[in-house]
Amino acid sequence: MRVAVLSYPDVALFELASAVELFGLPRPEFADWYECDVVSFEDQPLPTTTGLQLIAKHITTLDAYDMLVVPSWPTNVTPSEHMASELKRFAKGGNRLISFCSGAFLLAELGLFDGREATTHWRYANKFKDRFPAVTYRDNVLYLYDGKIGCSAGSAAGIDLGLEVIRQDHGYDIANQVARRLVLSPHRQGGQAQFVETPVLAVPNQFSETIDWALSHLNDAIDIDTLAARARMSRRTFDRKFRSSFDMSPKHWLVVQRLEKAKRQLEEGHQNMERIAAQSGFDNATTLRHHFRKILSISPRQYRQQFMVRAD
């Protein structure tokens, strides 16, 4: 997979560096890793913040690449006709495009999100919705990705999107290893809210400890009232706190986390469905299949076939 990371005058350095860290850092321990270049359609050094200058690989075409990462884009800048033509041709050829944060404005400007769902940083949401009415805007998601085109809500969410791309390309184990190298959690899902009520806790509290406990006991029968009691909250307060933090109910969150555990087991081996269901906290294989189809629109068997092939 040959990856181009797009740069331009005043490119956002954090998002650019995040893309390079995800896809450009040499990882000889992994076979068939990405080949990555930082590219620009401008044949000159690029100014960036604090007076730094960036010299990227000058290109006139994206023919050499399979995936383009747009790490950001000024919300009031229109791309050159040549760049616009090349990106449209790249997308039409079935190649992959992903954007971080305001990079969604460039893809939307080119009509690549028309008829699709998209997101960007919450501070740009109204501007995005007003400017691109043909796009279905999604509030309060970290990222959206369908295997061909993706976008993230903000800078750190771009890393979450990148890890999801790596997971789909190389499997859970490798994505988790990359996340550990970054000293990050690999568990933030795309549907999670963009920001939580208290993003950084001064000290660990009962609520966060309860979440950690639930994650380590997913295969047990977990009652929501029990979780509220562990957090030393009333059920109503716990539900309200949970929804403000994760933009979903505790019950739905548990199902999603159990599905994630089941997905890892499906990728890693050939255990039968009943055993995977039990180890993931579902009553039986029928319940596992039900939630797989309802939330992921795919059966566990199809998922295993798809991602074990990719992992190999």
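The values are calculated or read from the model by the stated rules, or taken from the named source; none is laboratory data. These numbers were taken from a predicted model, which means no experiment stands behind them. FYI the Cβ positions are ideal-geometry reconstructions off the backbone, even for glycines, and counts take in every protein chain you see.
Descriptive notes on the structure:
- Residue list for segment 65-88, filter: assigned to a helix (DSSP H, G or I), closer than 25 Å to Glu21 by Cβ and of a type in the set (Ser, Thr, Tyr): none
- Entry remark, segment 53-64: residues being in a loop (DSSP other than H, G, I, E, B) and of a type outside the set (A, V, I, L, M) number 3 in total.
- For Glu260, the requirement of being outside the structural domain of Tyr172 (by TED's automatic domain parsing), in contact (Cβ under 8 Å) with a residue 40 or more places away in the chain, among the acidic types (Asp, Glu) and assigned to a helix (DSSP H, G or I) is met.
- Pro28 falls short on exactly one of the conditions (1) farther than 20 Å from Lys148 by Cβ; (2) buried (at least 18 other Cβ atoms within 10 Å of the Cβ), and that condition is (2).
- One residue stands out among those in segment 34-47 that are assigned to a loop (DSSP other than H, G, I, E, B) and touching a helix residue (DSSP H, G or I) at 6+ places or on another chain (Cβ under 6 Å): the one that is farthest from Leu13 (Cα to Cα), which is Tyr34.
- Contact map, segment 146-157: residues that are assigned by TED's automatic domain parsing to the domain that holds Lys88 paired with residues that are charged (D, E, K, R) and in a strand (DSSP E or B), Cβ distance under 6 Å, separation 6+ or inter-chain. Pairs shown: Lys148/Arg96.
- Candidates Ala104, Ala91 - the one that is in a helix (DSSP H, G or I), under 23 Å from Ala175 (Cβ atoms) and in contact (Cβ under 8 Å) with a residue 12 or more places away in the chain: Ala104
- Some residue of segment 140-151 being over 10 Å from the mean Cα position of the chain (by Cα) and modelled with pLDDT of 95 or more: yes
- Here Arg116 does not qualify as free of Cβ contacts under 8 Å to residues at least 12 places away in the same chain and basic (Lys, Arg).
- Filter result (of a type in the set (D, E, K, R), buried (at least 18 other Cβ atoms within 10 Å of the Cβ) and modelled with pLDDT of 90 or more) within segment 242-260: Arg258
- Within segment 295-307, tally of residues that are part of a helix (DSSP H, G or I) and either without any contact (Cβ under 8 Å) to a residue 60 or more places away in the chain or in contact with a Cys (Cβ under 6 Å, 6 or more places away or on another chain) (or both): 9
- Among residues of segment 63-76 that are more than 15 Å from Asp169 (Cβ to Cβ) and among the aliphatic types (A, V, I, L, M), those with a beta-carbon under 6 Å from a residue that is modelled with pLDDT of 95 or more and not in a strand (DSSP E or B) at least six positions away or on a different chain give the pairs Val70/Gly103; Val70/Leu106.
- For Thr50: the one exception among (1) in a strand (DSSP E or B); (2) at positive phi: (1)
- Cross-chain or 6+ apart pairs with Cβ under 8 Å, segment 282-294 first and under 16 Å from Leu254 (Cα atoms), then among the aromatic types (Phe, Trp, Tyr): Leu288/Phe282; His291/Phe282; Phe292/Tyr303
- Test: residue in segment 210-217 that is crowded, with 18+ Cβ neighbours inside 10 Å, in contact with a Ser or Thr (Cβ under 8 Å, 6 or more places away or on another chain) and either at pLDDT 85 or above or of a type in the set (D, E, K, R) (or both): no
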